Amino acid sequence: MFTRRSVLSVGAGIAMGSLMEKAMAKADEQTTKRQDFDVVVIGGSFAGQSAAMQLARARRRVLMIDAGKPRNRFAKTSHGFFGFDGKSPQEIVETAHRQLLAYPTAQILNGEVISAEPSESGFQLELADGAVHSAARIVIATGMKDELPNIAGLAERWGVTALHCPYCHGYEVAGRQLGVLGAGPLSVHQAALVADWGPVTLFLQGQTELDADQSALLTARGVKIEPSPVVELLGPAPELEAVRLSDGRTEPLGAMFLAARASFVSDLATRMGCAQEEGPLGPYLKVDDQKMTSVPNVLAAGDVAAPMPNATLASAAGLTAGVSAHQSLIFG
Ligand SMILES: Cc1cc2nc3c(=O)[nH]c(=O)nc-3n(C[C@H](O)[C@H](O)[C@H](O)COP(=O)(O)OP(=O)(O)OC[C@H]3O[C@@H](n4cnc5c(N)ncnc54)[C@H](O)[C@@H]3O)c2cc1C
């Protein structure tokens, strides 16, 4: 590797010299960007922020790098998170970041980590802007993304009238005519649940075969079953007024629930070789009780390492990961 001195000694002519100066400036820029941390937390939402907070309070050097796209960013308000019920996802994250930065050993970077490699001191991480950072431990809290079925009008209602979870958003749409989109294996379960928030139709979407037990459950819960698939959501988005079915009929509807498949936002953990589990809605990272992945000194928390998406659960997992990362620095 060239040092500044060795670069100077080989640069002969003026043109070459100026090229070399540029190279040196770039190298210097990289060097000043390079910093060592006890822990780098990748992802700065419910899980990442909760991990970083424990480490900052333990007076460890912690860097939290966040690309700023939490899974719930499509919702106007978040519900059920202790002390923040009804606040916007953005307000919750901004408040949390402000509180983290009150600790002198904590830093936050807006950016995307594009690679994480083992190094002599632990791990070396590269960001999309070229910055490089290193740490003894990393916490992966990069979240998941929802794979919405390709139905006209669905994406623009996601988080407002097209919803993933009745506990998070059912109260706000209670009493309306509700739908459950038969998008996966949890749809029958979801339809039976959602009936506590209003009259429900389960749209089978041609995918869900109902057995006798399922039919009996849905009947007992008063769920109407519609075999004709939904092809379009109607009304001034993000509000929902009705759905159009493949046979041309329209059915009035005020909100649609769906348990969509999810996939990793970032492939960092996969590339590092972290073992995975397969849940009913997609993969997630395998972690032990301390949130350690199968790769030594790599921890994971939040939706990326759990089968059920929930802000409080993600935050609790992040806390565990932060404490575990800290203790592993002491006890190995
Ligand atoms: C529409 C919707 C509404 C929801 N509403 C609620 C609700 O009301 N209540 C509730 O409890 N739950 C709700 N949830 C679930 C909740 O959003 C998740 O459980 C929670 O966001 C998980 O937190 P997390 O920290 O694991 O991941 P996320 O919140 O998804 O955060 C991951 C962060 O990591 C960043 N990131 C990803 N890759 C990289 C990278 N390579 N480098 C740097 N940063 C990276 C992302 O940009 C993001 O900021 C909702 C979900 C959806 C889809």
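The lone criterion from (1) within 16 Å of the ligand (Cβ to nearest atom); (2) surrounded by fewer than 24 Cβ atoms within 10 Å (Cβ to Cβ); (3) in a helix (DSSP H, G or I) left unmet by Val304 is number (2).
Evaluating Gly68 against the criteria (1) away from the ligand (no atom under 13 Å from the Cβ); (2) surrounded by fewer than 17 Cβ atoms within 10 Å (Cβ to Cβ); (3) at pLDDT 95 or above leaves one unmet condition, (1).
All of Gly254, Gly248, Gly282 fail the test of being touching a residue at least 60 places away in the same chain (Cβ under 8 Å) and either of a type in the set (Lys, Arg) or more than 16 Å from the ligand (Cβ to nearest atom) (or both), apart from Gly254. If the condition is being within 11 Å of the ligand (Cβ to nearest atom) and at pLDDT 95 or above, then region 257-267 contributes Leu258, Ala262, Phe264, Val265, Ser266, Asp267. Where helices (runs of 4 or more DSSP H) fall wholly inside region 80-197, the ranges with 1 or more residues that are among the basic types (Lys, Arg) are 89-101. Taking the conditions exactly as written (touching a Phe, Trp or Tyr at 6+ places or on another chain (Cβ under 6 Å), within 16 Å of Leu319 (Cα to Cα) and crowded, with 18+ Cβ neighbours inside 10 Å), does Ile92 satisfy them or not? No: the conditions fail for Ile92.
For Glu120, the test of being away from the ligand (no atom under 14 Å from the Cβ) and either surrounded by fewer than 15 Cβ atoms within 10 Å (Cβ to Cβ) or of a type in the set (Ser, Thr, Tyr) (or both) is passed.
Do we find that Val287 is without any contact (Cβ under 8 Å) to a residue 60 or more places away in the chain, more than 18 Å from Phe331 (Cα to Cα), in contact with a strand residue (DSSP E or B) (Cβ under 9 Å, 6 or more places away or on another chain) and within 14 Å of the ligand (Cβ to nearest atom) in this structure? Answer is yes for this residue. Of the candidates Gly159, Gly184, the single residue that is within 16 Å of the ligand (Cβ to nearest atom), out of contact with any Gly (no Cβ under 8 Å at 6 or more places or on another chain) and modelled with pLDDT of 95 or more is Gly159.
The values are calculated or read from the model by the stated rules, or taken from the named source; none is laboratory data. On a predicted model such as this, the values are computed, not experimentally measured, just so you know. Heads up, the Cβs are rebuilt from the backbone with ideal geometry, glycines too, and the neighbour counts pull from every protein chain shown.
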